[in-house]
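Notes follow the structure.
The values are calculated or read from the model by the stated rules, or taken from the named source; none is laboratory data. Owing to the predicted nature of the structure, the values given are computational and were not obtained by experimental measurement. Note that we place each Cβ from the backbone using ideal geometry, even for glycine, and neighbour counts take in every protein chain shown. Just the protein is used for accessible areas: all its heavy atoms, side chains included, with ligands, DNA and RNA removed. Shrake-Rupley method; radii C 1.70, N 1.55, O 1.52, S 1.80 Å.
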Amino acid sequence: MHAKPPIADVFRHYYPHIPLRAAEGWQKILCPLHSETNPSAAVNTSKNKWHCFACALTEDSWDVVQREEGLSFRESADLAAERFGRSSEAVRGSVPREPRPGVHRPPRFGGGSRTLQTGIRRFGSHRS
């Protein structure tokens, strides 16, 4: 279960100059991150995301808080819970405390980095 604040509330807080209509689906908007006269971004209140095609950036409400405030994910979730009235307990329970098995294993091919390095030639070291 997600406890993200609504993207419309986050946009109203950080970008009050961008009007959002109460509509379903994607709405074209001016990107809040760069100057433009034609909308290159869109927001979807039902999916709780926004996307800028010029910036190639997609964010949800927590991402916006994290970027705007310069906080870590957990700090931004806590701030969003305080500011927008949502609980971040669902986030804490879903974040794994330890890496899953196999994440830090060395690659299974080549037997290690030494065997991979033997076949690499440096620039100018080849023989004629």
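Observations on the structure shown:
- Taking a Cβ cut-off of under 12 Å around Pro19, the surrounding Lys, Arg, Asp and Glu residues balance to a net charge of +3, with basic ones at +1 and acidic ones at -1.
- Prolate/oblate/rounded label for the stretch 34-81 (Cα gyration tensor, a/c 1.5): prolate
- Note on Lys4: lysines with a C-alpha under 17 Å away, same-chain residues under 8 apart excluded, are Lys47, Lys49.
- Net charge of Cβ neighbours under 15 Å - reference Pro39; Lys, Arg +1; Asp, Glu -1: +1
- Contact order for the stretch 1-88, expressed relative to its length and based on alpha carbon pairs under 8 Å spaced 6+ residues apart, stands at 28 percent.
- The stretch 2-82 - accessible surface per residue (Å², probe 1.4 Å): 56
- Residues with amide H under 5 Å from that of Lys49, placed H, sequence gap 5 or more: Asn44
- Per-residue Karplus couplings for the stretch 51-67, computed as 6.51 cos²θ - 1.76 cosθ + 1.60 with θ equal to phi - 60°, are listed in order as 9, 10, 6, 6, 7, 6, 10, 10, 9, 9, 5, 5, 4, 5, 4, 4, 5 Hz, Gly and Pro entered as x.
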